[in-house]
Amino acid sequence: MSIGCIDLDTGAEAMGILDGKVCLVTGAGQGLGRAIALEMSKEGATTVLLERNPETLHAVAAEIAEEGGKVSSFALDVTDYEAYANAVRDIMVRHGRIDVLVNNAAINPATRSILDDTLEDWRRTIGINLEAVYMGSKLVAPHMVKQRSGRIIHIASIQGFASSGLCGSYNAAKGAIIAYTKSMAVELAPHNILVNSVAPGFMVTPMSFVNGVDETTTPEFVKWYIDKRKIPLGRSGMPEDVSGSVVFLASDYCRYMTGQLLVVDGGLMSTF
């Protein structure tokens with residue numbers, strides 16, 4: 001597989017470990033969401049895509065359909081809770097169940113300190129990155145309770161516990177997701193619903209572009225994180241490096257693990 005100028009061999013053959021499962025992925029039109037949806041479909045899932053950009057949404061849906069996958073899609077903003085609730089109802093009518101929810105939708109706000117940002121900036125970031133995680137889970141969990149099974153997977157970030165600064169609202173949301181994962185896991189365990197989260201490190205996605213520049217390609221980044229091996233694996237992550245971890249958490253291979261955080265960062269958090 002080739003992504004941009006990076007040749008990536010995923011080295012993974014599909015095993016059908018999500019056969020028969022209905023998997024709902026938010027923010028599925030690009031980056032991590034797209035990779036997660038594609039990998040879930042590859043593993044046999046019926047994928048349901050939520051994305052506010054109709055063009056990217058339809059492109060990913062077409063990509064899955066062309067590969068023979070089962071897919072449905074909804075163009076909506078995850079903070080439009082009425083539209084979100086209607087979509088969940090429609091999913092239940094179409095498919096009869098929701099086995100997996102991946103709360104992936106997020107925004108990367110402008111890099112500002114607390115001295116420069118605004119309450120409007122804060123509320124918008126928290127609304128998309130955190131409140132919608134709560135609301136999406138709240139909409140889907142009752143159906144999983146009736147099924148007596150389910151997986152809820154939150155996409156957090158290493159910024160939730162180790163900050164690079166200048167993105168306080170983003171960090172606050174991701175840190176809250178890590179804590180909320182534990183709370184939800186305890187609450188929903190009696191219903192056989194497992195709740196876990198994944199914290200990606202530096203990833204090459206549309207969100208890695210700041211002011212038109214991919215932060216993972218700047219000379220400063222390359223010198224410190226790549227050349228000096230602050231990232232021990234010596235490269236930034238790709239969305240496909242994360243999607244496999246999400247598929248594991250969604251699968252029956254994950255059956256006695258809940259309330260946990262998987263860190264997918266190339267070893268970054270293991271170094272000084």
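All of the numbers you see were taken from the coordinates with simple rules; none came from a lab. Owing to the predicted nature of the structure, the values given are computational and were not obtained by experimental measurement. Counting neighbours? That spans all protein chains shown, and the Cβs are built from the backbone with ideal geometry, glycine included.
Would you work out the relative contact order for segment 131-228, in percent, from Cα pairs under 8 angstrom that are 6 or more residues apart?
28 percent
Largest mean-square fluctuation among Glu66, Glu39, Glu215, in a Gaussian network model of the chain whose springs join Cα atoms under 10 Å apart, belongs to Glu66. Evaluating 6.51 cos²θ - 1.76 cosθ + 1.60 at θ = phi - 60° for every residue in segment 104-113, the Karplus couplings come out as 10, 3, 7, 10, 10, x, 4, 6, 9, 7 Hz, glycine and proline recorded as x. Across segment 33-41, rounded Karplus estimates of 3J(HN,Hα) from the backbone phi angles (6.51 cos²θ - 1.76 cosθ + 1.60, θ = phi - 60°) give x, 4, 4, 5, 4, 4, 5, 5, 5 Hz, Gly and Pro being marked x. In the elastic network of the chain, a GNM with C-alpha springs shorter than 10 Å, the most mobile of Lys42, Lys223, Lys182 is Lys223. Of interest is the spacing of the C-alpha centroids, which for segment 239-272 and segment 139-189 amounts to 13 Å. One decimal place: the segment Tyr256-Asp90 gains 56.7 nm when fully extended, by the rule 0.36 nm per residue minus the C-alpha distance. Segment 195-217 to segment 84-126: how many Å between their Cα centroids? Cα centroid to Cα centroid, the span is 17 Å. Once backbone amide H atoms are built at 1.01 Å from N, Ala199 has Ala156, Leu262, Val263, Val264 as its partners under 5 Å, excluding neighbours fewer than 5 places away on the same chain.
Per-residue ellipticity at 222 nm for the chain, helices alone: DSSP H runs ≥ 4 residues times -39500 (n - 2.57), over residue total, nearest 500 deg cm²/dmol?
Numbers: 7 runs with 97 residues, N = 272.
Value at 222 nm, helices only, nearest 500: -11500 deg cm²/dmol.
Couplings 3J(HN,Hα) for segment 130-146, derived from phi with the Karplus relation 6.51 cos²θ - 1.76 cosθ + 1.60 (θ = phi - 60°), are 10, 4, 5, 5, 4, 5, x, 5, 5, 6, 8, 3, x, 5, 5, 4, 5 Hz, where x marks Gly and Pro. Each Lys or Arg adds one and each Asp or Glu subtracts one; over the other residues with Cβ under 14 Å from the Cβ of Ala62, this totals -3.
Counting DSSP beta bridges in the chain, what percent are antiparallel, to the nearest 5? Display every interim value, and only then the final one.
On the way: 4 of 34 bridges.
So the antiparallel bridges amount to about 10 percent of the total.
The charge dipole of segment 153-272, taken about the Cα centre with unit charges on the Cβ atoms of Lys, Arg (+1) and Asp, Glu (-1), comes to about 260 debye, rounded to the nearest 20. The modelled label-to-label distance between Ser270 and Arg97, using points 7 Å beyond Cα along the C-beta direction, is 3.7 nm.
Using unit Cβ charges (K, R positive; D, E negative) and no other charged atoms, how large, in debye to the nearest 20, is the dipole of segment 48-121 about its Cα centre?
Working: 6 positive and 14 negative charges, 87 e Å.
Roughly 420 debye for segment 48-121.
With +1 on the Cβ of every Lys and Arg and -1 on the Cβ of every Asp and Glu, and nothing else charged, how large is the dipole of the chain about its Cα centre, in debye rounded to the nearest 20? Present the calculation step by step, with values, prior to reporting the outcome.
Working: 23 positive and 30 negative charges, 176 e Å.
Here the size comes out at about 840 debye.
Between Gly237, Gly27, Gly165, the GNM of the chain built on Cα springs shorter than 10 angstrom shows Gly165 fluctuating the most. Projecting the Cα atoms of Trp224, Gly96, Ile153 onto the charge dipole of segment 90-240, computed from C-beta unit charges around the Cα centre, puts Gly96 farthest toward the positive end.
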